[in-house]
1. Is one or more of the residues making up the range B:225-238 aromatic (F, W, Y), over 30 Å from A:A360 (Cβ atoms) and within 14 Å of chain A (Cβ to nearest Cβ)?
2. Checking A:R245 against (1) surrounded by fewer than 22 Cβ atoms within 10 Å (Cβ to Cβ); (2) in contact with a helix residue (DSSP H, G or I) (Cβ under 7 Å, 6 or more places away or on another chain); (3) within 22 Å of A:R299 (Cα to Cα), which single condition isn't satisfied?
3. Please count how many residues of the range B:160-195 are in contact (Cβ under 8 Å) with a residue 40 or more places away in the chain and not in a helix (DSSP H, G or I).
4. Of the residues that sit in the range A:432-462 and are more than 22 Å from A:H205 (Cα to Cα) and not small (G, A, S), which one is surrounded by the fewest Cβ atoms within 10 Å (Cβ to Cβ)?
5. Closer than 29 Å to B:Y465 by Cα, of a type in the set (D, E, K, R) and within 12 Å of chain A (Cβ to nearest Cβ): which single residue out of B:R245, B:R268, B:R199, B:R172 fits that description?
6. Just checking, how many residues over the range A:388-431 are surrounded by fewer than 18 Cβ atoms within 10 Å (Cβ to Cβ) and away from every other protein chain (no Cβ under 14 Å)?
7. Got at least one residue in the range A:422-442 being closer than 14 Å to A:L328 by Cβ and β-branched (V, I, T)?
Number of protein chains: 2
Amino acid sequence: MSSSEPPPLAEHPPGTASHPAPTHPVCRPVRVDEPTAATGGLPHAPALSSPRPALPSSIPGDAAVTGPKAERLLSGPKGLGTTGVHPRRPGKPVNPLGPPNPALPSGIPGDVPVTGPEAQQLLGGPKGLGTASAYPQRPRKAADPVGNPVPGLYYHPVPEPDPVRVAEVDRRIKAWAMDEVDLYPEEWEEQFDGFFVGRYMVACHPDAPTIDHLMVAARLMVAENAVDDCYCEDHGGSPIGLGGRLLLAHTALDPLHTAEEYQSAWARSLQSDAPRRAYRSAMKYFLDWAGPSQADRYRHDMARLHMGYLAEAAWTQTEYVPEVWEYLAMRQFNNFRPCPTITDTVGGYELPADLQAQPAVQRIIALAGNATTLVNDLYSYTKELASPGNHLNLPVVIAEREALSERDAYLKAVEIHNNLMHAFEAEVAALTTAHALPNLLRFLRGVAVWVDGNHYWHQTNTYRYSLPDFW
Amino acid sequence: MSSSEPPPLAEHPPGTASHPAPTHPVCRPVRVDEPTAATGGLPHAPALSSPRPALPSSIPGDAAVTGPKAERLLSGPKGLGTTGVHPRRPGKPVNPLGPPNPALPSGIPGDVPVTGPEAQQLLGGPKGLGTASAYPQRPRKAADPVGNPVPGLYYHPVPEPDPVRVAEVDRRIKAWAMDEVDLYPEEWEEQFDGFFVGRYMVACHPDAPTIDHLMVAARLMVAENAVDDCYCEDHGGSPIGLGGRLLLAHTALDPLHTAEEYQSAWARSLQSDAPRRAYRSAMKYFLDWAGPSQADRYRHDMARLHMGYLAEAAWTQTEYVPEVWEYLAMRQFNNFRPCPTITDTVGGYELPADLQAQPAVQRIIALAGNATTLVNDLYSYTKELASPGNHLNLPVVIAEREALSERDAYLKAVEIHNNLMHAFEAEVAALTTAHALPNLLRFLRGVAVWVDGNHYWHQTNTYRYSLPDFW
């Protein structure tokens with residue numbers, strides 16, 4: 001999928017763009033009966049009956065959400081009380097709302113209720129979402145990035161991501177990709193480096209307590225790109241047969257429960273190509289940090305993503321250019337959403353499942369995801385035009401369906417993006433003014449920071465992206 | 001999808017099997033700018049800021065799950081406390097664990113904790129899941145159904161479904177299909193009647209407090225079948241372009257949030273063909289009864305279902321016969337799962353999201369869904385062999401991949417089904433012995449009853465199914 005999200009990690013080496021390598025060992029499935037280093041498979045449904053260590057009873061997160069406001073919001077007599085239900089990493093209890101994390105400035109307002117105008121200023125005012133204050137405490141200069149923003153685009157600049165963290169995430173993600181999951185051959189190394197995983201993740205998750213938390217997001221992002229590259233796009237991908245490939249890969253996230261005779265062949269299959277090795281390993285690490293509801297949320301978002309890939313593939317195969325609204329609907333699924341919605345896991349806390357499922361929260365997440373995804377359409381426009389095949393993206397679809405020039409279609413796509421950003425911020429302001437629940441505020445701020453970090457990464461990734469000459 | 005689930009509502013009229021009607025007005029999309037009776041679209045994300053009536057503060061469900069057992073189970077200091085967070089139908093508070101529902105016998109053990117041998121007897125003993133006691137109080141004779149069970153199949157017989165309820169569900173579902181969503185033309189009436197929706201739903205949901213609750217399940221089931229029939233199978237379906245059709249239909253369940261200019265074209269699209277009209281309407285009713293987390297769970301299961309359809313379509317298109325484990329993986333997605341997992345909504349209570357997400361509960365749901373789905377493979381075997389095209393189902397895949405005769409492959413498929421049923425019951429017994437939480441017990445019993453009712457419906461639906469001559 002040309003415009004699929006997240007953007008592909010790897011591009012064709014110069015001069016080979018028209019020669020994808022469908023049989024490359026990285027993407028080529030190996031036979032499931034080939035011996036593999038690990039027998040694979042996600043751990044079998046850990047039994048409920050194996051109690052994991054409880055969080056400390058004094059965890060302030062629960063107290064903070066059980067006041068009258070929480071009761072009003074959730075209309076239940078008991079409040080939320082779910083923050084503490086998911087133990088995390090044995091021996092490493094997370095105290096999401098306790099003393100400020102050393103990586104966060106002590107003045108960060110996210111951990112206390114903020115209502116009224118303050119909430120608007122913090123989370124939804126016309127000047128954006130106050131992301132600057134969410135960055136680590138060490139002295140920071142504003143980012144002076146290479147790369148220009150799309151003219152007219154509504155976005156919020158971010159401070160320069162902590163270079164120490166960036167370098168460490170880059171080092172660790174490369175080690176994981178090469179040593180743990182054998183993700184790509186040496187000749188793709190430059191493309192991997194050109195993705196700037198560390199810059200992306202640190203910019204999007206400034207409140208991650210540790211590098212380990214950042215790595216949870218980094219592995220999933222890289223794995224998502226590997227699946228997109230190898231199954232859908234540049235490296236041997238095709239719309240033909242994609243539904244089968246994606247479903248089998250999805251079982252690395254959402255495990256198979258079948259008759260014993262067939263369980264081991266499935267487990268071995270998860271080692272049989274790079275996308276599945278990456279999904280399986282990234283999910284395994286994620287499950288060390290995420291509670292069951294957070295894992296369920298992620299699986300749901302990934303099912304959405306895979307449905308989006310498959311809709312785009314169907315249109316590619318039938319050479320159908322969708323209506324603009326149809327394209328936007330597809331793009332709500334083929335979407336960055338799985339990345340910002342794990343912001344709480346990466347931040348070391350949990351947005352309770354019942355809050356996450358509220359229609360207002362779902363709408364905010366969808367709007368944020370849609371805005372970030374259109375940022376990708378805008379920055380990758382020239383890259384996609386230069387790629388082989390007819391790539392759908394928003395400006396292309398608008399030009400075709402609304403008979404506009406390329407330039408006017410592009411400018412209209414910018415407008416649509418801005419409209420979504422404004423809607424996102426207005427909904428956040430309305431919700432947080434009415435319901436200043438600490439976990440909710442922190443989660444929404446995390447999503448907003450992800451939106452800004454995602455823009456920053458696109459703007460600065462001149463290795464991948466360049467703007468059209470429309471101005 | 002030949003073997004896709006839920007089974008298609010409608011079959012070809014005799015003599016027309018080789019002439020599907022892709023342009024039939026029911027399944028043919030109409031232009032989205034055509035005038036429609038309603039402007040359509042799911043209600044826009046109801047704001048969190050509109051408080052809905054709280055449940056009574058004395059709701060015993062919360063109290064019941066906060067004891068030491070709950071704490072041990074969930075490892076959190078606060079227990080669950082989520083049962084009451086979702087208000088339902090204004091003015092109609094549901095008290096899931098209060099006085100026994102009038103429709104249930106007073107002795108039904110689901111509303112009180114049951115541990116040890118009792119739990120085993122109720123939920124996981126070798127004699128099955130005690131479904132008989134879950135049926136309404138009026139005198140019941142054991143069902144004396146037409147149709148024979150598959151020889152050797154492990155299943156539990158059910159009492160005859162209440163004929164009064166069956167007739168009323170049949171009457172109402174037909175009125176909904178014809179008058180509200182214009183689901184099918186008159187000539188398909190016999191096929192619609194031959195699906196026996198009322199018998200199916202009443203057998204599967206004996207604890208539904210009212211016919212209204214049963215109708216929530218009935219509409220969704222019929223809508224799921226309409227999508228399968230019209231997009232995937234008998235009535236104009238095709239694997240080509242299916243990804244686009246399913247995604248656009250999925251937005252009737254999981255709404256689009258986009259720029260205002262394009263929102264209305266999307267809303268109109270939900271009225272533009274029978275599958276989308278049916279999804280939209282059925283979901284709208286469901287949302288009147290389901291809490292946000294229950295709705296989120298259903299959307300997730302439907303995304304899984306659609307991924308399953310698309311995997312099967314991909315294999316159909318590429319004429320790929322999957323390995324047995326691959327088929328079983330696809331069938332875990334192209335699966336009845338969305339039907340049993342709404343058992344709590346249909347029963348008028350809620351399994352809290354954090355319990356539902358527990359790996360042990362997820363495993364149980366998957367095993368139950370897989371067993372019910374293989375029941376369909378077994379009962380629809382001769383029907384699918386007689387249909388045009390090469391239909392995948394478990395016996396066919398086993399015969400091909402393991403070089404067995406048709407008979408031996410069929411018998412092996414029976415064994416696999418039985419293996420899954422035993423695994424399901426063993427996991428239920430283990431979980432409920434360790435954690436006798438009332439909501440969890442009731443939910444698991446609801447799933448088990450659904451499994452039994454689903455078998456009963458297949459066995460008795462001689463209009464659709466007949467057994468092969470292998471014994």
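The values are calculated or read from the model by the stated rules, or taken from the named source; none is laboratory data. Everything numeric in this text was worked out from a predicted model, so none of it was measured. Positions of Cβ are generated from backbone atoms using ideal geometry, with glycine treated the same way; all protein chains shown enter the neighbour counts.
1. Among the residues of the range B:225-238, at least one is aromatic (F, W, Y), over 30 Å from A:A360 (Cβ atoms) and within 14 Å of chain A (Cβ to nearest Cβ), which makes the answer yes.
2. (1)
3. Residues that pass the stated criteria total 9.
4. Once the filter is applied, the top-ranked residue is A:T433.
5. Exactly one of B:R245, B:R268, B:R199, B:R172 is closer than 29 Å to B:Y465 by Cα, of a type in the set (D, E, K, R) and within 12 Å of chain A (Cβ to nearest Cβ), namely B:R245.
6. 9
7. No, the range A:422-442 has no match at all.
Condition check ((1) over 17 Å from the mean Cα position of the chain (by Cα); (2) touching a residue at least 60 places away in the same chain (Cβ under 8 Å); (3) assigned to a helix (DSSP H, G or I); (4) over 30 Å from B:G348 (Cβ atoms)) across all residues:
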{"site": "B:A409", "(1), (2), (3), (4)": "yes, no, yes, yes"}
{"site": "B:N418", "(1), (2), (3), (4)": "yes, yes, yes, yes"}
{"site": "B:V449", "(1), (2), (3), (4)": "no, yes, yes, no"}
{"site": "B:H455", "(1), (2), (3), (4)": "no, yes, yes, no"}
